[in-house]
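To start, the structure under review is shown below, and the notes come after it.
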Amino acid sequence: MNQAFGLSNMWLQGDGVTRTVALILLVMSITSWVIILTKALSLYKTKKIAREVECFWHAPAFDIAISQMTPDENPYCELAKSAQEAMKHHNQQSGQRGELRQTLNASDWLTRCLKVSIDKSVGQFQKGLTFLASTGATAPFIGLFGTVWGIYHALIGMGSSGTATIDQVAGPIGEALIMTALGLAVAIPAVLGYNAISRTNKVLIAELNRFGNDLYAYFITGARVGSNQPNNS
């Protein structure tokens with residue numbers, strides 16, 4: 001490519017609007033990749049942690065099962081702790097005539113506590129997805145705006161010079177079209193990352209809900225679903 005043209009020349013010859021659009025796309029791209037890579041690493045760790053769930057149910061006691069789980073950034077461990085603390089709190093209040101005891105039984109109270117813990121984990125799973133979705137939806141149009149503005153800027157320049165040969169037209173307009181390509185280059189990874197993370201989140205949320213259902217059955221009936229083991233808590 002001729003050194004007179006290209007990204008560097010577009011930056012040097014462009015005005016404040018063109019440079020602002022380029023910077024916005026750059027920031028959106030960097031932020032999107034940071035989110036994608038961070039979420040990918042976090043979801044990979046969570047999927048590895050999910051393998052501990054079956055070992056959890058083979059522990060001799062509930063406290064031992066929790067102590068054997070990975071403590072850091074473990075939604076399953078947090079859910080188990082929430083269920084245990086919820087039942088301890090309810091049992092401590094069982095002999096008192098408090099408002100909580102009058103309005104909620106053990107089943108309702110445990111259900112609410114499990115839901116709060118799951119919702120908290122879901123919020124962590126979905127953090128950053130709004131930005132990826134917004135980037136995927138808006139980046140092409142931001143790039144298109146930069147292209148339109150760049151063409152307009154180039155035509156004004158050529159009109160001022162009074163000449164419009166093919167060499168004078170092709171360079172500036174070609175550089176302006178680069179903005180559309182940049183917009184697509186920012187949007188495509190964001191959309192693909194959003195879809196991949198969303199699919200993985202759905203699987204993890206479903207597994208977390210199943211674990212919550214097993215915890216509910218364990219504390220209410222004495223054994224997880226499909227198990228004949230007694231409650232040793």
Residues of segment 31-59 being more than 16 Å from I205 (Cβ to Cβ), under 10 Å from the mean Cα position of the chain (by Cα) and buried (at least 17 other Cβ atoms within 10 Å of the Cβ), in sequence order, are I35, I36
Test: T130 is among the β-branched types (V, I, T), under 30 Å from K48 (Cβ atoms), loosely packed, with under 13 Cβ neighbours inside 10 Å and at pLDDT 80 or above: yes
Residue in segment 1-30 that is nearest to the chain's Cα centre (by Cα), counting only those that are modelled with pLDDT of 80 or more and not hydrophobic (A, V, I, L, M, F, W, C): S29
Select, from T38, T111, the only residue that is more than 25 Å from G222 (Cβ to Cβ), at pLDDT 85 or above and either part of a helix (DSSP H, G or I) or in contact with a His (Cβ under 6 Å, 6 or more places away or on another chain) (or both). T38
Of the residues in segment 136-151, those that are of a type outside the set (S, T, N, Q) and under 16 Å from T20 (Cα atoms) come to A139, P140, F141, I142, G143, L144, F145, G146, V148, W149, G150, I151
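The values are calculated or read from the model by the stated rules, or taken from the named source; none is laboratory data. Since we're looking at a predicted model, the values are computed, not measured. All Cβ positions, even for glycine, are placed from backbone atoms using ideal geometry, and neighbour counts span all protein chains on display.
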